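Below is one structure, written out as structure tokens, with a few remarks after it.
The values are calculated or read from the model by the stated rules, or taken from the named source; none is laboratory data. Bear in mind the structure is a predicted one, so any value in this text is a computation, not a measurement. Neighbour counts are summed over all protein chains in view; Cβ atoms, including those assigned to glycine, are modelled from backbone coordinates with ideal geometry.
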Amino acid sequence: MMRTLLVTGGAGFIGGNYVLRSLARDDDLCIVNLDLLTYAGNLDTLEPIGNDQRHTFVHGDIGDTGLVADLIVEHQPEAIVNFAAESHVDRSIDGPSAFVQTNIVGTLNLLQCALDWWKHLPEARQRSFRFLHVSTDEVYGSLGATGAFSESTAYAPNSPYAASKAGSDHLVRAFHRTYGMPTLTTNCSNNYGPYQFPEKLIPLIILNALEFKPLPVYGDGLQVRDWLYVEDHVDAINAVLAAGEEGEVYNIGGLAELTNMAVVQTICDALDQRLPDSNFGPRRKLIQHVTDRPGHDRRYAIDCNKLMNSLGWRPSVDFETGLGRTVDWYMENSRWVERVLDGSYKGERLGLGATA
């Protein structure tokens, strides 16, 4: 029998990769894909499945109660996977209200519509249903030189983006504890890979370096992040969806802690190998230190032993391999890049708030 998922935000970076990879790996899966197509949502990402009858795209907002309720009733999903979110820290500094509206209010509406439908299901279907909420490690705040975030780490968000995701996480937990709805939450580290909007560090540096433009590095560049290849993230989500224990939280990490400076330098070296320029020389010369982001967290690190030990998942793509694949993808997909840079974003600096 065909299985149906309602996926929100499935034209974005992680959501789009989830839709593409999940349909490619499961012939018995149907996906109803609800996306508002804000600046980071792109139908070109879904072009490979444009003729796939198992994929239904719906242009709409998770905050639209009537639309969400109708989609749930019509398609009777066995699970809802919520990727829909405003997700860029710098944008949240410049305009936090949009993050509250989508990430908190929108998630609340999605939860309420799901609950109103779920509580009238037969008992067996109630038990098998899952609401999986995709979140971030940024809800935990910042780490010192040692240690890692676990599922029991107290929340201490430091940016409007992180605070909005923390709020949505708490709502998901509350709907499980208060109403018994079978929820799951995943908190992931920094993703990278194909189809990522170019405001994020890795695609921005790749595209600037291809054109020999300055490569901005915030502050001293020694902020540490754990890097997770997006296809590994997709596989982890599906592992949690298939066998995760309801009401639980699972951290997803790439086991690849690197400073931002090391990431930028690795991109420069990868492009120098692929497209050397004897006149210009090494692209590392393009690196420029710029004013740091306000409230920039110093270090994130993920302890994902719970996921690895209980569900058998572990990252399969090391950073060097994943970055090479990512660099190659952006070099080979200039049309996608040109179409996504439609005038709303041209690589300019975001996130300076009132000082911009």
Quiz item: Could we say that Ser87 is out of contact with any Ser or Thr (no Cβ under 6 Å at 6 or more places or on another chain), modelled with pLDDT under 95 and either surrounded by 15 or more Cβ atoms within 10 Å (Cβ to Cβ) or not in a strand (DSSP E or B) (or both) here?
Solution: yes
Self-check item: Among the residues listed as Asn103, Asn109, Asn17, the single one being of a type in the set (S, T, N, Q), in a helix (DSSP H, G or I), over 19 Å from the mean Cα position of the chain (by Cα) and surrounded by 15 or more Cβ atoms within 10 Å (Cβ to Cβ)
Solution: Asn109
Quiz item: If only one of Ala11, Ala40 is modelled with pLDDT of 95 or more, hydrophobic (A, V, I, L, M, F, W, C) and closer than 21 Å to His233 by Cβ, which one is it?
Solution: Ala11
Self-check item: Condition check for Leu222: over 29 Å from Ala79 (Cβ atoms), hydrophobic (A, V, I, L, M, F, W, C) and in a loop (DSSP other than H, G, I, E, B)
Solution: yes
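Conditions (1) more than 20 Å from Ile237 (Cα to Cα); (2) touching an Asp or Glu at 6+ places or on another chain (Cβ under 6 Å), marked per residue:
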site: Thr107; (1), (2): no, no
site: Ala114; (1), (2): no, no
site: Arg127; (1), (2): no, no
site: Phe131; (1), (2): no, no
site: Thr136; (1), (2): no, no
site: Ser142; (1), (2): yes, yes
site: Phe149; (1), (2): no, yes
site: Ala154; (1), (2): yes, no
site: Pro157; (1), (2): yes, no
Quiz prompt | Residue ID - farthest from Ala85 (Cα to Cα), chosen from residues in the range 174-201 that are in contact with a Ser or Thr (Cβ under 7 Å, 6 or more places away or on another chain) and assigned to a helix (DSSP H, G or I) | solution = His176
Quiz item: out of contact with any Leu (no Cβ under 9 Å at 6 or more places or on another chain), of a type in the set (Gly, Ala, Ser) and either buried (at least 21 other Cβ atoms within 10 Å of the Cβ) or in a helix (DSSP H, G or I) (or both), is that true of Ala163?
Solution: yes
Quiz item: Give me the pairs: first residue in the range 113-136 and more than 14 Å from Val81 (Cα to Cα), second residue polar (S, T, N, Q) and modelled with pLDDT under 95, beta-carbon distance under 8 Å, and six or more apart or on different chains, which are they?
Solution: Thr136/Ser87
Quiz item: If you check Pro216, Pro203, which single one turns out to be over 22 Å from Gly141 (Cα atoms) and either of a type in the set (A, V, I, L, M, F, W, C) or under 15 Å from the mean Cα position of the chain (by Cα) (or both)?
Solution: Pro203
